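The values are calculated or read from the model by the stated rules, or taken from the named source; none is laboratory data. The model shown is predicted, which means the values in this text are computed figures rather than measured ones. Reconstructed Cβ throughout: ideal geometry from the backbone, glycine too, with neighbour counts over all protein chains shown.
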Amino acid sequence: MIKKVGILTAGGDCPGLNAVIRGIVKTADYASVETYGFMQGYKGLYYNNFMKLDPTVVSGIIAKGGTILGSNNKTNIFAMPVKDKNGEISFEDKSFEVVERLKRDNFDCLIIIGGDGSLKSARDFTRRGLNVIGVPKTIDNDVPYTDTTFGFNTAVTVATEAIDRIRTTAESHGRILVLEVMGRYAGWIALAAGIAGGADTVLIPEIPYDFKSIVNKINQRKSIGKNYSIIVVAEGAKPIGGNVAVKSIVSDSPDSIRLGGAGEFVAREVEKLIGQEARSTSLGYIQRGGDTSPYDRILSTEYGAMAMQMAIDEKFNNMVTMLNGKITYVPLEEVAGKDTAIGASSSNIKTVDLNSDMIQTARRVGICLGD
């Protein structure tokens, strides 16, 4: 019977994280299992910075965005920077030290709540002999072997509301308005929000776009008296033969590429081709901040409660998931990419299936997908 469990939230913040933490802690309390939260993700795990969790601590956090444990997307325990006496920096694997300390401190299991990169580290810790339970966290909905991840519904709700709001300006001024949304290399948010918000064009990473197709859609609308258009662009979308828009490179982060600017690029090019004013808006962090939607509160609680139950049942080295409408679990080895090397960058992220019902629905209702 396990007695002591650690929890950490890693990577970007996400609506529903606090609800997951609450689900874990309340389930643990009924089973008389102690829970401790490591602060600032893997950084807190490395520096052994944690706090005691109990139902009093998690009371009232189910709706709150962000994470009471804090997060961090720059610490890679498998490649920590170390400076020698000459000031030269090298990278060393500190994971064995962390695993040894956790075992010495009588932690029976570590529940890691994170996205693609964080779950790779979770998998790699299992290879070091640590008992791990993974919980998928991303608004991008791109973790494999899941129907949906918590935070996605909230992000789509925010993006849909944004489409509703910019539509009035587009219609009033006869403009082309472009909305850039998150999603990295998967188009789930853009596609879902585009359908829900009645966008005219949706550009996603899975379909490299042709500006001729976008222009044809705008002209088609003009021919029926619609002098404005709404274009939703996923941050990872790119033109045929082109590249994704990169905002910056963060050298001290395991996920160094920061996407951004795809919407502005589309707006500039469309304005040149059409001769009609086009403006771009990027939602950015607005999509993953603020209160959590009711759907995500329920899903997050299910994920958290199941993760703790898996720990109690000693079903270690798995990731909790919703698959085919059922809360279940899959091996971390299957989830965290097909690569085997510690620190490898490849992954098997879940992208939009071009034969899916959502793609077919978008086409049937006349949404231009850029092809």
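Note on the range 97-115: residues that are buried (at least 24 other Cβ atoms within 10 Å of the Cβ) and either among the aliphatic types (A, V, I, L, M) or assigned to a helix (DSSP H, G or I) (or both) amount to 4. Scanning the range 28-61 for residues that are closer than 16 Å to residue 73 by Cα and among the hydroxyl-bearing types (Ser, Thr, Tyr) yields 42, 46, 47. Remark: residue 17 falls outside the filter, which requires a residue to be more than 26 Å from the chain's Cα centre (by Cα) and among the aliphatic types (A, V, I, L, M). Within the option set 233, 266, being within 22 Å of residue 142 (Cα to Cα), crowded, with 18+ Cβ neighbours inside 10 Å and either out of contact with any Cys (no Cβ under 6 Å at 6 or more places or on another chain) or touching a residue at least 24 places away in the same chain (Cβ under 8 Å) (or both) holds for one residue only, 233.
May I ask you to verify whether residue 120 is touching a residue at least 24 places away in the same chain (Cβ under 8 Å), farther than 26 Å from residue 186 by Cα and crowded, with 16+ Cβ neighbours inside 10 Å? In short, no. Among the residues of the range 277-328, the one identified as of a type in the set (Gly, Ala, Ser), in a strand (DSSP E or B) and either free of Cβ contacts under 8 Å to residues at least 12 places away in the same chain or surrounded by 22 or more Cβ atoms within 10 Å (Cβ to Cβ) (or both) is 278. Residues in the range 44-95 that are of a type outside the set (D, E, K, R) and closer than 22 Å to residue 299 by Cα: 17 in all. Of the set (1) surrounded by fewer than 16 Cβ atoms within 10 Å (Cβ to Cβ); (2) in contact with a helix residue (DSSP H, G or I) (Cβ under 7 Å, 6 or more places away or on another chain); (3) assigned to a loop (DSSP other than H, G, I, E, B), all apply to residue 72 but (1). Close Cβ contacts (under 7 Å, 6 or more residues apart or on different chains) running from residues in the range 60-86 that are in contact (Cβ under 8 Å) with a residue 12 or more places away in the chain and of a type in the set (A, V, I, L, M, F, W, C) to residues that are in a loop (DSSP other than H, G, I, E, B) and surrounded by 19 or more Cβ atoms within 10 Å (Cβ to Cβ) comprise 63/292; 69/39. The criterion of being among the β-branched types (Val, Ile, Thr), farther than 30 Å from residue 25 by Cα, modelled with pLDDT of 95 or more and out of contact with any Asp or Glu (no Cβ under 7 Å at 6 or more places or on another chain) does not hold for residue 132.
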